[in-house]
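Shown next, in structure tokens, is the structure this report addresses.
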Amino acid sequence: MIKKLYLIGIGPGDPKYLTLEAKDLLDRLNLFLIPEKKGKKEELTKKRTEIIKFVKGDKPFQCVYLSFPERERGINYKEKVIEWRKKKGEILKETLLKLEEDEAGFLIWGDPTLYDGHIDIVKDVAREIGISFEVIPGISSFQVLGAKLQVSLTDLSTPLTFHTPRTLRKIKNIEHPVIVFLDNYETFNLYKNQDLEIFWGAYVGQEEEIFVFGELSEKTDKIKTLRKNLKEKKGYLMEIYLLKPLKKNE
Ligand SMILES: C[S@@+](CC[C@H](N)C(=O)[O-])C[C@H]1O[C@@H](n2cnc3c(N)ncnc32)[C@H](O)[C@@H]1O
């Protein structure tokens, strides 16, 4: 049975963004747990396996693909997420109890602490079956976005907040920088009449990365068209953006 599980942040999709700590662990461990993405997102499962292969070269390793259910949609979002996480926890628990190795790595996209429920799921499972776990930080897409577009995410004495559309749309006026994850709703559209800059990126850090940046009012339509085309072409879209109040006369 697994006695120790490592939640390894693997960065935004290219091995060059692995930390040395993550790389050493991928090299040392023989067994990896990978959530299985189905359909158009299958490529995301492959990318995780390719990252392990990149580190291990010809060395053998084993991957166990976890077939987690999709989250049910419903009015009560929080309840649905809790239910979903419980189901995932059950699947993880069964898998960990069955495996014969002592240690395994669980590959987490980007950084495990951001918009990813696996720390909480693993915490509960680990307590229940008496195993230990460790979290290895990873580089997140928002960091690569800032670096590639040469933009500071924070302004002088301003906070920086992280949002998904659910929380972003509650904000009327954007007065300090915000990073937006998981926006399937083009929520930036709500703010196109405010003096804001947008720094938008898709598949950031990967070969196919693409960026659009500039005044939000001028870039909204371009981003909308691009989103549509990329979704059609690739089948799924991974996008992240920063909105910042526009600095005038600087
Ligand atoms: C479930 S969240 C997980 C975030 C992850 N823990 C991280 O640190 O990036 C997935 C969302 O992260 C963002 N994301 C992750 N990788 C990305 C990438 N390479 N390019 C653009 N956005 C990315 C997208 O908003 C995507 O829908």
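Rule-based calculations on the coordinates, nothing more; no lab input. Worth saying up front: this structure is predicted, and the values here are computed from it rather than measured. Cβ: placed from backbone, ideal geometry, glycine included. Neighbour counts: every protein chain shown.
A few points about this structure:
- Percentage relative contact order, the stretch 4-136, counting C-alpha pairs under 8 Å, at least six apart: 44
- Charge dipole (debye, nearest 20) of the stretch 141-245; +1 at Cβ of Lys and Arg, -1 at Cβ of Asp and Glu: 400
- Each other residue within a Cβ distance under 10 Å of PRO15 adds +1 if Lys or Arg and -1 if Asp or Glu, for a net charge of +2.
- Per-residue ellipticity at 222 nm computed for the chain from its helices equals -11000 deg cm²/dmol, with DSSP H segments shorter than 4 residues left out and the rest contributing -39,500 (n - 2.57).
- Given +1 at the Cβ of Lys and Arg, -1 at the Cβ of Asp and Glu and no other charges, the dipole of the stretch 70-193 around its Cα centre is 760 debye to the nearest 20.
- Dipole magnitude of the chain, debye to nearest 20 (Cβ charges: Lys/Arg +1, Asp/Glu -1, about Cα centre): 680
- Positive minus negative residues near LYS47 (Lys, Arg vs Asp, Glu; Cβ under 11 Å): 0
- Taking a Cβ cut-off of under 11 Å around ARG166, the surrounding Lys, Arg, Asp and Glu residues balance to a net charge of +2, with basic ones at +1 and acidic ones at -1.
- Members of LYS78/LYS170; LYS16/LYS224; LYS87/LYS170; LYS123/LYS172; LYS38/LYS87; LYS4/LYS231 lying beyond 28 Å, as alpha-carbon distances in this model show: LYS16/LYS224; LYS87/LYS170; LYS123/LYS172; LYS4/LYS231
- Take every DSSP beta bridge whose two residues both sit in the chain; close to 45 percent of them are antiparallel.
- The chain, relative contact order in percent, only Cα pairs under 8 angstrom and at least six apart counted: 23
- Amide H to amide H, with H built 1.01 Å from N, TYR115 comes under 5 Å of no residue 5 or more places away or on another chain.
- Inter-centroid distance (Cα atoms) of the stretch 93-153 relative to the stretch 16-91, Å: 9
- Ascending count of other beta-carbon atoms within 10 Å, so fewest first, for PHE142, PHE181: PHE181, PHE142
- Charge dipole (the stretch 1-65, unit charges on Cβ, about Cα centre) - positive-most of PRO15, ILE34, GLY57: ILE34
- Residues in the stretch 140-179 reached by a label modelled at THR113 [backbone nitrogen below 13 Å; 7 Å Cα→Cβ]: 140
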